[in-house]
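Encoded as structure tokens, the structure appears first; notes follow it.
The values are calculated or read from the model by the stated rules, or taken from the named source; none is laboratory data. Small disclaimer: the values here were computed from a predicted structure and weren't measured. Neighbour counts run over all protein chains shown; Cβ positions are idealised from the backbone, glycine included.
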Amino acid sequence: MGALAERGRTAPVVLFSFVWITLVYCPLTHWVWAPGGWAFKWGVLDYAGGGPVEIASGVGGLAYTLVLGRRMEDQLINFRCVRVHPSSPIEEILHLLYIHYFILRFICFHLALLQ
């Protein structure tokens, strides 16, 4: 959504997102997750729950990018002039520990609910 909002106006992004979710995302997730879906009946298993989400997101971003077309030259100037400095190793380690702490906490919470 951020990549879409960066390059286009807000109203078309909201309209595109609504249409995409209604016509593509909901049927796709129904096929995989609902007991009446054809992929579910075939035995397709989506353990992490991200298959339809990632597929719909990637194809949706590609579709909207094709609708917008190439970036204008004045939009590319900002990307060519800005130098990106990498984070320090300490920041990287802190981010890694922070992410792992919350992912493990999330998984343990849900495992506790299953018990």
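Does Val24 satisfy the criteria of being at pLDDT 85 or above, among the β-branched types (Val, Ile, Thr), crowded, with 16+ Cβ neighbours inside 10 Å and not in a loop (DSSP other than H, G, I, E, B)? Spell out the reasoning first.
Values: at pLDDT 85 or above: yes; among the β-branched types (Val, Ile, Thr): yes; crowded, with 16+ Cβ neighbours inside 10 Å: yes; not in a loop (DSSP other than H, G, I, E, B): yes.
So Val24 fits the description; yes.
State all residues of the stretch 28-50 that are modelled with pLDDT of 80 or more and within 17 Å of the chain's Cα centre (by Cα); if no residue qualifies, say none. Listed by number, the residues that qualify are Leu28, Thr29.
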